[in-house]
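Accompanying notes for the structure given below.
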Amino acid sequence: MTAVEVKNLSFSYDNKDNILNNISFQIEKGKYVSIVGHNGSGKSTLAKLLVGLLETKQGEIYINDLRLTNKTIKKIRQIESIVFQNPDNQFIGATVEDDIAFGLENRNFPQPKMIELVKEWASNVGMGDYLNKEPSYLSGGQKQRVAIAGALVLSPEILILDEATSMLDPKGKRNVRELIAKMKENMPFLTIISITHDIEEAYLSDQVIVLNSGEILFNGTPQEVFSHEEQLKNCGLDIPFIMKFKNGLDDLNIKYSSSNDLDEVISSICQSK
Amino acid sequence: MSIKVSHLFYTYMKKTPNEVEALHDVNLTIEDNSYVAFVGTTGSGKSTLIQNLNALLIPTLGTIEVDDFVITNNKKRYKKTKQLRKHVGLVFQFPEYQLFEETVEKDVAFGLKNYGYSEKEALEIARKTLLKLGIPKEYFLRSPFELSGGEKRRVALAGILALDPDILVLDEPTSGLSIEVKNLITDLIDNLHRSGKTIIVVTHDMDLVLKYCQKVFVLSSGKLVFEGTPIELFSGNHEEYGLEVPPLYLACQKLIKNGVPLDITNIKIIDDLLVQIKEWKSK
């Protein structure tokens, strides 16, 4: 089943220069997809269009086969949740507990059920011991995990992360990355769309879409996409370490396992000696 | 000539209910013409420390000696601030946000004029510095706001380098840059180091640390918890400090575990590793 379908989408803020230029792609249900691209590539604009924060004027967006319009937006927002870049700008509650409950309160959830769900999600993201803490006591990574709990407590079918890790330090990034891996395992039907700068993070996803100057440059598995080292470099993007390593081995004519896992690649070159 | 930090304590908003101790009894020495990094998680005290190095912050307790300058807490203001800041150039994170002048050359000349250079002299030095950083003549009279991200960052750097500081302190010099601009900036810093300057970077970028730094200082909750070479850090307690190991080092470790005899101290970039694998394979 298709979770997201984008057809011939164009967008401009000023009716002159197109930020997005006639892009089309599909995302299957339950997939973890990274959208990468350098500053100004249009990726954040795309995220805002996907959740209807910007209005689509040219082209079509379908969420679960439902076309995104002013009329369907309410329904679609029950399907999608989004987590933004800046951990400080999206913490609305006075405490962790309040913050996770915010969306549920808006939907008039019965209180006993709400308390139960909030506790469950706080502990799912590793924040179970912080329920009564105020945001000023939390690190950026902890705030982002609370934001993810607040998004997932609404049981969306699609989670959109708009550079959710880019303002975090390496430890915070790793924690959020591990949380995504855990969600993928425990929630096989959840579609995750991550807009990101982090190439190593993108490598872990099922599908990578590369945007450059508002157009799709590549769309495929991380292995396919990151094999285009030169072209990616030309649009300001690096490739993951493992791909660089494999390319280097190719240049030396050294045989290795076709695995995507560094451990296996390394043990295969050691065995073939 | 060197930097010596002795028993440095720094507390924000001292004697108020909001007082926070950001640095606690930090002792360290930075040798002349070395290239060192300060690393640590957000809130570890890195930025507070580097702001103490050029008297943007004055120690709550303790002493900082930068060559002939001695900064202590006994006065509210440090008297030789102006001379010190010509000697220690501090480049903030995202320095391009601080560009403000009408033209690129005026922006770079601004600092020089504060140091008593005439308009003409200042512009002359500014132009020379810009050329050194690869900003061509045609750009000198443009507005700095029309430039691309990488050009802006170089112009901002030029503003500090025009003062020809002997010590250059850079807060996250590579964050938010495309891969090519990132390489350009790191090469530039490397050249400055080779020309004799002392380089101090604050960074999360462990690839940069591994490639360039002779020494790493790790701060955690305001305390200096580690000092040593990058290799010593990555082979030791990096996880305890919330730090990541660069994938290159991780790959080296895995290869060694699998019996490949690598000389890890000579591996700074992926090409170094590939050369050693090639040698090993051909034996």
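None of the figures in this text is laboratory data; all of them are computed from the coordinates on show. Treat the numbers as computed from the prediction; the structure is a model and nothing was measured. Backbone-built Cβ (ideal geometry, glycine too); neighbour counts: all protein chains shown.
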Problem - Between region A:61-84 and region B:29-86, the alpha-carbon center distance in angstrom - result: 52
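Fewest to most neighbouring Cβ within 10 Å: what's the order for B:Tyr12, B:Tyr249, A:Tyr62, A:Tyr137? Mind dumping the intermediate values first?
Working: B:Tyr12 14, B:Tyr249 23, A:Tyr62 17, A:Tyr137 11.
The most exposed by this proxy come first: A:Tyr137, B:Tyr12, A:Tyr62, B:Tyr249.
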Fill in the blank from the handout: Per-residue average of other protein chain Cβ atoms inside 10 Å, peptide B:250-260 -> 4
Completion exercise
Measuring from the longest principal axis of the C-alpha atoms of chain A, the long axis of helix A:262-271 (C-alpha) lies at a number of degrees, nearest 10, equal to 20
Handout entry: Cross-link reach list, aspartates and glutamates versus B:Lys15, counting only Cα pairs under 19 Å and skipping chain neighbours closer than eight places
Key = B:Asp25
Problem - Cα Rg, Dmax, region A:107-159, angstrom units - result: 11.3, 31
Problem - Residue list for region A:1-40, given a label point 7 angstrom along the Cα-to-Cβ vector of A:Thr72 and an amide N cut-off under 13 Å - result: A:2-7
Practice task
Normalise the Cα radius of gyration of the protein assembly as shown by 2.2 N^0.38 Å (N = residues in it) and let me know the number.
Solution key: 1.05
Completion exercise
The Rg/Rh figure for chain B, Cα atoms and Kirkwood Rh, to two decimals is 1.01
Problem - Virtual spin-label span in nm between B:Thr29 and B:His7, 7 Å along Cα→Cβ - result: 1.8
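How many percent of the alpha carbon pairs in chain A exceed a separation of 34 Å? Don't jump to the answer; show the numbers that get you there.
Working: 8762 of 37128 pairs.
Roughly 24 percent, rounded to a whole number.
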Fill in the blank from the handout: Expressed in angstrom and rounded, the centroid-to-centroid distance over alpha carbons for region B:96-165 and region B:261-281 is 41
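How well do other chains shield peptide B:30-43, expressed as the mean number of their Cβ atoms within 10 Å of each residue Cβ? Each step should come with its number before you reach the end.
On the way: counts 0, 0, 0, 0, 0, 0, 0, 0, 0, 2, 2, 8, 9, 3.
Mean inter-chain Cβ contacts per residue within 10 Å come to 2.
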Exercise for the section: Write out the GluC sites (Glu not before Pro) in region B:91-178 meeting two conditions: DSSP loop, and at most 16 other Cβ atoms within 10 Å of their Cβ. Expected result: B:Glu101, B:Glu102
Handout entry: Size of region A:97-229 as Cα extents on the principal axes (Å, biggest first)
Key = 52, 29, 27
Problem - Distance (nanometres) between label positions extended 7 Å along Cα→Cβ at B:Lys14 and A:Glu134 - result: 2.5
Exercise for the section: For the pairs B:Lys4/B:Lys182; B:Lys4/B:Lys46; A:Lys255/B:Lys278, note any where the Cα-Cα span goes beyond 20 Å. Expected result: B:Lys4/B:Lys182
Problem - Inter-probe distance in nm under a simple model that places probes 7 Å from Cα toward Cβ, at B:Leu250 and A:Lys233 - result: 2.3
Fill in the blank from the handout: Percent relative contact order for region B:190-274, counting Cα pairs under 8 Å at least six residues apart, stands at 23
Exercise for the section: Arrange the following residues from fewest to most other Cβ atoms within 10 Å of their Cβ: B:Arg153, B:Arg142, B:Arg85. Expected result: B:Arg142, B:Arg85, B:Arg153
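Over region B:2-242, calculate the relative contact order: mean separation of alpha carbon pairs under 8 Å at least 6 apart, over the residue count, as a percent. Mind showing how you got there, number by number?
Working: 450 pairs, mean separation 63.7, N = 241.
RCO, region B:2-242: 26 percent.
Which entries in A:Lys29/A:Lys143; B:Lys257/B:Lys283; A:Lys184/A:Lys244; B:Lys128/B:Lys197; B:Lys86/B:Lys128 show an alpha-carbon gap greater than 21 Å? Working shown, then result.
Details: A:Lys29/A:Lys143 27 Å; B:Lys257/B:Lys283 19 Å; A:Lys184/A:Lys244 26 Å; B:Lys128/B:Lys197 18 Å; B:Lys86/B:Lys128 18 Å.
Flagged as over cut-off: A:Lys29/A:Lys143; A:Lys184/A:Lys244.
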Fill in the blank from the handout: Note on the protein assembly as shown, DSSP bridge orientation, antiparallel percent to nearest 5 equals 55
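How big, in percent, is the set of alpha carbon pairs in region A:178-272 lying more than 21 Å apart? Kindly include the intermediate steps, with their values, before the conclusion.
Values: 1833 of 4465 pairs.
Counting every Cα pair in region A:178-272, those more than 21 Å apart make up 41 percent.
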